[in-house]
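Below is one structure, written out as structure tokens; comments come after it.
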Amino acid sequence: MSKQSWIEGGGCGECVEYTGTLRRSSQLPIGMALLPGERVRVHEAPRRYRDGCWTGAAEWRRRVIHSDDELFVVNKPSRLPTQAHESNAVECVGGCAEAELGLPPGSLRIAHRLDASTSGVLLLGRTPAAVGPARLVTTSTLIAM
């Protein structure tokens, strides 16, 4: 069955033929053209976290507790999810910090989570090797005195 007959036959609720370019999330390259056969998921009403995310570079710099080649520690604002939501891959702690501080997209990796409504210290790894030990620290029941 051809794509056109599949659309005309009702195989797709509200399909739209798209031949332009798409600005994709921070997880994929920006400005790549869609290729024939590629699919795009569009959310009419994505979850938005503007209040916690787009507070400006100065505010994000103030929230950074520690930053080195391995770890990035930030005071997570409330009303911002730790990880991306399927309808909004950018407005999360990593995506917002990267965008506001000029870091490369995808350079911050989640080591543990805090609820979206919770503020507090959040560890992110800058390398895959740093995430494992950071997870052990946050899940360990041993506390050094």
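Quick notes
- Residue check, Ala99 modelled with pLDDT of 85 or more and farther than 26 Å from Arg135 by Cβ: no
- Tally of residues being farther than 12 Å from Thr82 by Cβ and aliphatic (A, V, I, L, M) across region 122-134: 4
- Search result, residues across region 84-95 that are closer than 22 Å to Glu44 by Cβ and of a type outside the set (D, E, K, R): Ala84, His85, Ser87, Asn88, Ala89, Val90, Cys92, Gly95
The values are calculated or read from the model by the stated rules, or taken from the named source; none is laboratory data. Treat the numbers as computed from the prediction; the structure is a model and nothing was measured. When we count neighbours, we look across all protein chains shown, and the Cβ atoms used for this are built from the backbone with ideal geometry, even at glycine.
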